[in-house]
Structures are given as structure tokens and as C-alpha cells.
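Asker: I'd like to ask you about the structure that follows.
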Amino acid sequence: MKKLASNGVQTVSGFGPTIVRHPVPRRLRGLVAGIVGYDEIAPPRGRDRVQPAGSLLLLEISFTAPLLVRELHAVAGTEIAHGAFLAGLMLGPVRTVFFDRHAPVQIYLTPLGAYRLLGVPGRETAGHVTPLADLVPRWERDLPDRLAGAPGWHQRFTIVIDELIQHAGYGPAADALTEWAWAELQRTGGQIRIAALAQRSGWSVRHLSKRFDDVTGISPKGVAQVIRFERIHAELERWSLAELAARHGLSDQSHFSREVRRYAGESPLALARAQRPTAIGTHAAHA
């Protein structure tokens, strides 16, 4: 069931998790892509999740049970529990599990937004889950308890948004060339050739790639491929696989399926059936 409050807050509830979405304030637009509250009770054996690759970073602040990261883009390792963390840009799926009740506020950041808000370049966070204590120690010490003590989602969102706005000018100004290149990759759905992007910029591919990688942590080509996958994910139920392959510049249906597995960790059919959430769609994404 979906409810929209007069302040623009959207709540989705039912038999699954409760998901509450808050509009992004004007002062944070371009830095923040989505603000979501999430609350779910896990079954006795825990709730496993898989989150496909995406072009946003997730800043999650949990005020209940932590999230255990089991696998980062096909590299399995010891489970690490995270209560408050930043998940950097990933070039593959992330697998997690939680037990009991998991209730966080999730802030979806653009790479340029993370750079401005947290003062940390993407090359230090991409492909990693970084504890919030390593980024903004005061937030890690203070915010989970404040969110747990708040009477409801409206108050929790107010706490988090006030902190984000205070930090909006904390980091360095984003590189203008990287901002332009990012916008072009998004505008073209990741289908522009990097050589053509560099030519339009007036710089060499090497120079463009270095500056872009410094801010985002991933090469322009890597980001282009992730953006293309995101567009494919959004269109899975609207086109046949062959049509999607043609629309997104993939040679055939087999090539298409390999690309989906690379970024989602599962087949196109499984991905479509999962109806996995996104940062700005009907549901909230969960890393």
C-alpha cells in the first residue's frame, strides 16, 4: 500500500518491508539522489539480499541490527557487520544478510555529491564499504542513537537532512570536467564512446580518465557500462531481451545476458522477477 503525505513523504507498506521516501531538499539536489527510510523484520534464518551494481553511493545509518556484507562483486570474504557506512561505487553485485529487525535511513549520493559532502574522493571508496566512523566520526557516534530515539520517520529525516545540509560545502568543489563528463554519460545512457567524449571535452582520453577516476574512483568506461546496465534494469519488463540488446548497443541476446549477469549476479529473468528496488523508484534500494 502506498500513501503520499502533504509534505511529499511517500510510504510503502504491506506484507514486506515498510519503505518511506522523503523528497530531496533543493539545497541537496545534484548531491543527493534519494532519501529513504527502511524497516523490515527478518525471518528466523535472516534476510539475504543482493544489490546490483549502480551509479550511486549508499550512505546508510542503521538504528537497529547491523547489515552483514557477505560478498562484494563476486569477491567472497568474512562477513563484516556495518551499522553506519558508505558503500562506494560498485562494478558488480553486493550480497548482504541481516537478522532480527533492520531499520536504517538510506541516503543515495551521486559520486560528485559524496565528494562534496564527505570530502573524500571516489578513488578511496569505490569497490569498498567504508565505516562512517572513518568518514565523519561524529555522525557514527551520534546519529544512530538520535535516530533510534526519534518518535517517527519525519523526525529522523529532519535529523539526517539537517546534518547533510551542514556538510554540503564541507568537501572540495567537484572538478568541472568530471561534472560535465558524468552528465554526458548519464544523458547518453552510457552509450557514448569514451574517445568521442574526450574529443568533445577538448582533452585526451588519458587526461579525462585520470581526472574522472580521481573523483569517482571508476574510469569513464566503467561508469558508462554501469549506467547502461541501470537503463537495462529499468526497462526489463517493457521490451524483449533481443529488443533491449539492440536498444543498448549489445551485439545479441547472449551478449545481453552476460552483461546482466556481470552486474546483477543473476539472469535477466531472475532480475526481472525480483523487482529489485531502486533509489528513486517505487521501492527503496537496499545494499
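The values are calculated or read from the model by the stated rules, or taken from the named source; none is laboratory data. Being a predicted model, the structure only gives us computed values, none of them experimental. Note that we place each Cβ from the backbone using ideal geometry, even for glycine, and neighbour counts take in every protein chain shown. The area values use the complete protein model at the heavy-atom level, side chains included, leaving out ligands, DNA and RNA. Shrake-Rupley method; radii C 1.70, N 1.55, O 1.52, S 1.80 Å.
Asker: If you take the square roots of the eigenvalues of the alpha-carbon gyration tensor of the chain and sort them as a ≥ b ≥ c, do you get rounded (a/c under 1.5), prolate (a/b over b/c) or oblate?
Answerer: Taking the square roots of the gyration eigenvalues as a ≥ b ≥ c, the chain is oblate.
Asker: Residue by residue through segment 94-100, which ³J(HN,Hα) values in whole Hz follow from phi under the Karplus form 6.51 cos²θ - 1.76 cosθ + 1.60 (θ = phi - 60°), with glycine and proline marked x?
Answerer: 10, 10, 9, 8, 9, 10, 6
Asker: Moving on. Taking N as the number of residues in segment 105-149, what is its Cα Rg relative to 2.2 N^0.38 Å?
Answerer: Compactness ratio reported: 1.23.
Asker: Moving to a separate point now. How big is the dipole moment of segment 19-171 about its Cα centre under a simple scheme where the beta carbon of each Lys and Arg is +1, that of each Asp and Glu is -1, and everything else is neutral? Debye, nearest 20, please. Working shown, then result.
Answerer: Working: 16 positive and 14 negative charges, 81 e Å.
Value, rounded to 20: 400 debye.
Asker: At 1.4 Å probe size, what's the solvent-accessible area of residue 136? Round to the nearest 10 Å².
Answerer: Accessible area of residue 136: about 10 Å².
Asker: Tabulate in residue order the Karplus-calculated ³J(HN,Hα) for segment 221-232, using 6.51 cos²θ - 1.76 cosθ + 1.60 with θ = phi - 60°, rounded to whole Hz; enter x for Gly and Pro.
Answerer: Taking θ as phi minus 60°, the curve returns 5, x, 5, 4, 5, 5, 4, 4, 4, 4, 5, 4 Hz for segment 221-232.
Asker: Quick one: P(r) of segment 78-138 from all Cα-Cα pairs, 5 Å bins, percents rounded to integers, in order of increasing distance.
Answerer: Per 5 Å bin, starting at zero, the Cα-Cα P(r) for segment 78-138 comes out as 4, 14, 27, 27, 17, 8, 2 percent.
Asker: So, counting K/R as plus one and D/E as minus one, what does the shell of residues with Cβ under 13 Å around residue 125 add up to? Can you show the working numbers first?
Answerer: On the way: positive: 123; negative: 124, 134, 213, 214.
Every neighbour counted, the sum reads -3.
Asker: Now for a separate question. Treat every Asp and Glu Cβ in the chain as -1 and every Lys and Arg Cβ as +1, leave all other atoms uncharged, and give the resulting dipole magnitude about the Cα centre to the nearest 20 debye. Walk me through the numbers before you get to the answer.
Answerer: Working: 34 positive and 26 negative charges, 121 e Å.
In total the dipole reaches around 580 debye.
Asker: Go through segment 184-192 residue by residue and turn each phi into a ³J(HN,Hα) via Karplus (6.51, -1.76, 1.60, θ = phi - 60°); whole Hz please, and just put x for glycine and proline.
Answerer: 5, 5, 5, 4, 8, x, x, 9, 6
Asker: If you bin every alpha carbon distance in segment 20-117 into 5 Å steps from zero, what whole percent lands in each bin?
Answerer: Result, from short to long distances: 3, 13, 21, 25, 20, 12, 5, 2, 0 percent.
Asker: Counting pairs of Cα atoms in segment 112-237, how many percent are more than 20 Å apart? Display every interim value, and only then the final one.
Answerer: Details: 4366 of 7875 pairs.
Distances greater than 20 Å cover 55 percent of the Cα pairs.
Asker: Give the residue from 36, 270, 180 lying farthest towards the positive end of the charge dipole for the chain; charges sit on Cβ (+1 for Lys and Arg, -1 for Asp and Glu) and the dipole is referred to the Cα centre.
Answerer: The listed residue farthest towards the positive side: 180.
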